[in-house]
1. Please compute the net charge surrounding THR15, taking Lys and Arg as +1 and Asp and Glu as -1 over other residues with Cβ under 14 Å from its Cβ.
2. Summarise the long-distance tail of P(r) for segment 20-74 by giving the % of C-alpha pairs beyond 13 Å.
3. What does the charge add up to near GLN26, with Lys and Arg as +1, Asp and Glu as -1, over the other residues with Cβ less than 12 Å from its Cβ?
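Every read-out reported here was derived from the displayed coordinates using simple, explicitly stated rules and does not represent laboratory data. Fair warning: this is a prediction, and the values are worked out from it, not measured in the lab. Because the Cβ atoms are built from the backbone with ideal geometry, glycine has one as well, and the counts that use them run over all protein chains shown.
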Amino acid sequence: MKEHCLQLDQKVRQTQSGGNGNAGSQQTDYREALMSLQSQLAEKDQTLNDMRDMLRNQNNMHMLESRTMASAWFNLQRQLERQSGFGHSSGMGSAAATRQGGAPASWLGQQRVTLDMQLNG
């Protein structure tokens, strides 16, 4: 491929400098070289556009995966906070923190109830 391009380039330079050979043959060679280079340029442009599209798609997939992982991590954190009774989403100190039997769901709430019973009891 490289050799072909070099040969075409050499023919173009000969044509431009008025090199040896008949003018009709040189004109035909020049047109052939020009068409060949234009087709190669079109192929390279198509390849470049395909690569850009592929990169854009990969970036979009990366962003989607990052958002999905962040959302999953956040949901897991909230679930663990609710199960353990700690964190801002557990509702400590509120009526929602108590179980149906009246006992607090959180460890800290249970400690408060125990301390209150010891002080009042």
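1. The answer is 0.
2. In whole percent, the long-distance tail amounts to 73.
3. Once positives and negatives cancel, what remains is +1.
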